[in-house]
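Remarks on the structure that follows.
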Protein chains: 2
Amino acid sequence: MLNQSTALAPTDLDRMFHALADPARRAMMERLAQGPAPVSELARPLPMSLPSVMQHLGVLEAAGLVRSEKTGRVRTCAIVPGTLSQAEQWINARRTEWERRLDRLGQYLDTLGVDPKSDP
Amino acid sequence: MLNQSTALAPTDLDRMFHALADPARRAMMERLAQGPAPVSELARPLPMSLPSVMQHLGVLEAAGLVRSEKTGRVRTCAIVPGTLSQAEQWINARRTEWERRLDRLGQYLDTLGVDPKSDP
């Protein structure tokens, strides 16, 4: 049973999955998983202007995946603890539920002596 | 070190995370995690027209998350095994790497007798 209000309210998951749907933003997350870094270091391997990198950083910050802090002229970025887990948990719950269902189906077919690979 | 060509090539992950960034599409995935369903059943709880539901289904199919098959007048949808795991693995790898780094930092501070919560 779908809970319509929960399922359709705009959620943090929308922003989080949207943020991860871009290769430049995933590259920034991959770098930050190794530890905090200044924007200049995040920008170096990316084939785009610094303003574009700042825009991508804004999307990651709006999604709660990254936070940044300016000290003097250097803006340092870091992963926000816990946020990635929410996206991971949503996917894991779907995958687990679906695999459990397949297991039950397999067990049921076993009790009937049916080979699930054969045609019905 | 970022591998630029890998990090920036448009990938299946782009399509997958984009597909999961919409609450209606996540609702469809939540229903399908319980087992295959006809489009009409996926559409029932969603406050949108059938053509809109078909568009969302198209995004899920293009991402390789769902496949559908038409028998007579009924189109039945099902989750594609394995695809969700790829998105989960990407997130898990980042989270694990980041948590491991924090652990190492904590251990290093321990050897110095530094309380990480105190100001430097």
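What follows is calculated from the coordinates using simple rules that are stated; it is not laboratory data. Keep in mind it's a predicted model, so treat the numbers as computed, not measured. Because the Cβ atoms are built from the backbone with ideal geometry, glycine has one as well, and the counts that use them run over all protein chains shown.
Within the range A:88-109, the presence of at least one residue that is within 13 Å of chain B (Cβ to nearest Cβ) and in contact with a Ser or Thr (Cβ under 8 Å, 6 or more places away or on another chain) is confirmed. Report yes if A:VAL39 is more than 10 Å from chain B (Cβ to nearest Cβ), touching a helix residue (DSSP H, G or I) at 6+ places or on another chain (Cβ under 6 Å) and surrounded by 15 or more Cβ atoms within 10 Å (Cβ to Cβ), otherwise no. Spelling it out, it is not the case that A:VAL39 is more than 10 Å from chain B (Cβ to nearest Cβ), touching a helix residue (DSSP H, G or I) at 6+ places or on another chain (Cβ under 6 Å) and surrounded by 15 or more Cβ atoms within 10 Å (Cβ to Cβ). Taking every residue in the range B:63-82 that is more than 14 Å from chain A (Cβ to nearest Cβ) and without any contact (Cβ under 8 Å) to a residue 40 or more places away in the chain and pairing it with any residue that is among the charged types (D, E, K, R) and surrounded by 14 or more Cβ atoms within 10 Å (Cβ to Cβ), at least 6 positions away or on another chain, the pairs with Cβ-Cβ distances below 9 Å are B:SER68/B:GLU61; B:SER68/B:ARG75; B:GLU69/B:ARG75. The set of residues in the range A:56-96 that are among the charged types (D, E, K, R) and under 19 Å from the mean Cα position of the chain (by Cα) comprises A:GLU61, A:ARG67, A:GLU88, A:ARG94, A:ARG95. Considering each residue of the range A:31-44 in turn, none proves to be under 26 Å from B:ALA27 (Cα atoms), assigned to a helix (DSSP H, G or I) and within 16 Å of the chain's Cα centre (by Cα).
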